[in-house]
Amino acid sequence: MRTVACEGIDYDSFLIRHFIPESRRDAYDAFRALNLELVRLPELVSNPTIGQLRMQFWRDAINNTFTGRPPKEPIMILLHAVLSRLAEADPGNSPSSIRFWLLRMIATREKHMDNRPFPSLAALEDYAENTYSTLMYSTLAALSVQSTHMDHLASHIGKACGIAALCRGIPVLAAPAPPVKSPDGANVAASRNPVLLLPLDVMAETGLKEEDVYRHGPDAEGFQDAVFTVATRANDHLITAREMLKNIRAGEDPGHEYEHQNEEQHEHPDSNLNQDGIDPLLRRGLGVLMEGIPANDYLARLEAENFNPFKVKSSWKLPWKLWRAYKTQQI
């Protein structure tokens, strides 16, 4: 089957998949392909009802696939093959956690399908936790990495990725939709209105008004200050993850408690493992944690442009940065 994390659609994932253990890359591809379908859905449907029906299709498809009855849909066929191989390779590892994470991601994407604004920066972090971090939890589960420490690292990195993705999407979502021509050459109403998803509490603090962004773009008063505040929170999560990784490798506590550690899906026995037991989990799951490298790369380029996402260009250094991170076992 053709690689679903294809270069032209999700370049970051196309690169990162090469650092996932080869025997589990199909799982990574399946999860990322599903995520792409969910992300693109609001752009492809003409009204909310159709969007909800599509979300229900994916929910039913997941449930049927995990009960051995996958629909004739490429992603679900791939996922079913992944689950079959996981059952053969690790009979003691239940796939129920993977289903839980995927269904949670679908539910969160459905809730935000209307591109509603985030009331606060904390709400944006919750969204990132339930989408980007959850996607990483799914991959760790497919790698049989059952570790509270790894989940904790993925939580911080996923939040950073989700916040960085919001910043990256501003030039696209906040810009007016391009005009559409009918076959006879007449102008057709735009399929969407511009939206600005920066948290409302941050916009209030910086005096930013969304109408000003639609009219003046990055020149809107308070715009770059608001982006700075949001991007700083993403960077804080990456810094925290690096400090945690350093502490764990030194045989120390991560440095702070994991806010989700008492949830059933995050209860793992690794808190009782010695360093020899933790290290293999870190090595096996490093490719998943490397999701933070593209986020860090983007945030650095955003800072170089004085937090103006409209001016940030693509990075040709990302493949090298990923390779270096893998070789040095750092994030």
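With θ set to phi - 60°, apply the Karplus curve 6.51 cos²θ - 1.76 cosθ + 1.60 along segment 230-236 and write out the HN-Hα couplings as whole Hz, x wherever there is a Gly or Pro.
5, 5, 4, 5, 4, 5, 4
Gain in length, Asn64 to Arg85, computed as 0.36 nm per residue apart minus the alpha-carbon separation, to one decimal in nm?
Additional length available on full extension: 5.8 nm.
In whole percent, what relative contact order does the chain give with Cα contacts below 8 Å and a gap of six or more residues?
Computed value for the chain: 19 percent relative contact order.
What is the list of residues in segment 214-239 whose amide nitrogen lies under 18 Å from a point 7 angstrom out from the Cα of Asn193, following Cα to Cβ?
Zone members listed by number: 214-217.
For segment 1-114, what relative contact order do you get, as a whole percent, if you take Cα pairs closer than 8 Å and at least 6 residues apart?
Values: 81 pairs, mean separation 29.4, N = 114.
Once normalised by length, the contact order is 26 percent.
A 30 angstrom limit on the alpha carbon distance is what I want to check against. Which of Lys72/Lys317; Lys246/Lys321; Lys159/Lys317; Lys246/Lys311; Lys159/Lys321; Lys72/Lys111 exceed it?
The pairs that break the limit, which is 30 Å between Cα atoms, are Lys72/Lys317; Lys246/Lys311.
For Ser46 paired with Lys246, estimate the spin-label separation in nm (one decimal), with each label point 7 Å from Cα along the Cα-to-Cβ line.
Those two pseudo-labels are separated by 5.6 nm.
For segment 284-301, just list the computed ³J(HN,Hα) in residue order, Karplus coefficients 6.51, -1.76 and 1.60, θ = phi - 60°, integers in Hz, with x standing in for Gly and Pro.
5, x, 4, x, 5, 5, 5, 4, x, 5, x, 5, 5, 4, 5, 4, 5, 5
Using the Karplus curve 6.51 cos²θ - 1.76 cosθ + 1.60 with θ = phi - 60°, what ³J(HN,Hα) values do you get for each residue of segment 100-117, in whole Hz, with x for Gly and Pro?
Listing the rounded values in order: 4, 5, 5, 5, 5, 5, 4, 4, 6, 4, 5, 4, 9, 5, 8, 6, 5, x Hz.
No value in this document is a laboratory result; all are computed from the given coordinates. These numbers come from a predicted model, not from an experiment. Glycine gets a Cβ as well: all are built from the backbone with ideal geometry, and neighbour counts include every protein chain shown.
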